[in-house]
Amino acid sequence: MTDYWNHNVAYHRELVDAAARRGGSVLDVGCGDGLLLARMSEVADRVVGIDADRAAVVQARARLDGRPNARVVVGDVMTSPELDGESFDLVVSVAALHHLPLESALLRLRDLVAPGGELRIIGLSANRSAVDWAVSGALVVPVRVMSRLRGEADYDGMVTTQPRDSLAQIRLVARATLPGSRVRRRFYYRYALTWTKPI
């Protein structure tokens, strides 16, 4: 399977770097076709991907074939018994959190992070305030230029949905559920949430 670039893949490098620093075990929530999972499998001891989209999991398993340290699970991260009793040194999620109920999803991901481990989310938020709309408007031209220069590719057949929660709402919920977390607005209409679990 070939590599490609899009607004989500743009953040893979920093997540792979985080996996390299952490080593150990990594969980990719909403792993899609496994591109990020494959990259992290080269620097982590063990990687697990989970996605509710069966077609995406078929692609991910094909991409990861022959990598004994990688496993891909079909299921809902909120309820999958395959994650029962598991914890990970790094939990990542790219463009998947908005498919889930925000507060309960953050609590679930929090529980999957091992003590001293890290949660890193690259997410999408809804434009609700004048600032949100102004920032999104200002990004239109530079994002389109970068997309053209990089040769942006879509995910074939991947399930998508529009975000419901604003960046302000996400910050508020993250502050309550993940004390000490940091939420930053990023390029390509994304935000980054980072949190380290206390030991």
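With the checklist (1) at negative phi; (2) modelled with pLDDT of 95 or more; (3) not hydrophobic (A, V, I, L, M, F, W, C) in hand, flag the one item S136 doesn't pass.
Against the list (1) at negative phi; (2) modelled with pLDDT of 95 or more; (3) not hydrophobic (A, V, I, L, M, F, W, C), S136 comes up short only on (2).
Only one residue in V26, V16, V43 is in a loop (DSSP other than H, G, I, E, B) and either surrounded by 14 or more Cβ atoms within 10 Å (Cβ to Cβ) or on the phi > 0 side of the Ramachandran plot (or both), so which one is that?
V43
S147 is checked against (1) touching a Phe, Trp or Tyr at 6+ places or on another chain (Cβ under 9 Å); (2) closer than 17 Å to I122 by Cα; (3) not in a loop (DSSP other than H, G, I, E, B) and fails just one. What number does that condition carry?
(2)
Return the residue satisfying two criteria in turn: it lies in the stretch 105-115 and is open to solvent by 30 Å² or more (accessible area, probe 1.4 Å) and free of Cβ contacts under 8 Å to residues at least 60 places away in the same chain, and of such residues it is nearest to D51 (Cα to Cα).
R108
Please verify whether the stretch 62-77 includes one or more residues that are among the β-branched types (V, I, T), assigned to a loop (DSSP other than H, G, I, E, B) and within 17 Å of L107 (Cα to Cα).
Yes: one or more hits.
In the set E152, E118, which member is of a type in the set (D, E), open to solvent by less than 30 Å² (accessible area, probe 1.4 Å) and either in contact with a Pro (Cβ under 8 Å, 6 or more places away or on another chain) or within 30 Å of V47 (Cβ to Cβ) (or both)?
None of the other options fit; the residue is E118.
Please enumerate the residues belonging to the stretch 79-104 that are in contact (Cβ under 8 Å) with a residue 40 or more places away in the chain, assigned to a loop (DSSP other than H, G, I, E, B) and within 22 Å of L172 (Cβ to Cβ).
A95, A96
Can you tell which of T160, T194 is in contact (Cβ under 8 Å) with a residue 24 or more places away in the chain, polar (S, T, N, Q) and either open to solvent by 90 Å² or more (accessible area, probe 1.4 Å) or out of contact with any helix residue (DSSP H, G or I) (no Cβ under 6 Å at 6 or more places or on another chain) (or both)?
Criteria check complete, one pass: T194.
May I ask you to list the residues in the stretch 59-78 that are in contact (Cβ under 8 Å) with a residue 40 or more places away in the chain and within 24 Å of T161 (Cα to Cα)?
Correct list: Q59, V72, V77.
Looking at A96, A174, A126, A168 in this structure, which one is farther than 29 Å from Y4 by Cα, open to solvent by less than 20 Å² (accessible area, probe 1.4 Å) and among the hydrophobic types (A, V, I, L, M, F, W, C)?
Only one candidate qualifies: A174.
List the number of the failed condition for G34; all other conditions in (1) in contact with a Phe, Trp or Tyr (Cβ under 8 Å, 6 or more places away or on another chain); (2) open to solvent by less than 10 Å² (accessible area, probe 1.4 Å); (3) on the phi > 0 side of the Ramachandran plot hold.
Single failed check for G34: (1).
Identify all residues within the stretch 158-199 that are assigned to a loop (DSSP other than H, G, I, E, B) and in contact with a Gly (Cβ under 7 Å, 6 or more places away or on another chain); write none if there are none.
M158, K197, I199
The values are calculated or read from the model by the stated rules, or taken from the named source; none is laboratory data. The structure presented is a predicted model; accordingly, all values stated were derived computationally and were not measured. A quick note on method: Cβ atoms are made from the backbone with ideal geometry, for glycine too, and the neighbour counts reach across all protein chains shown. Calculation scope for accessible area: heavy atoms of the full protein, side chains included, ligands and nucleic acids excluded. Shrake-Rupley method; radii C 1.70, N 1.55, O 1.52, S 1.80 Å.
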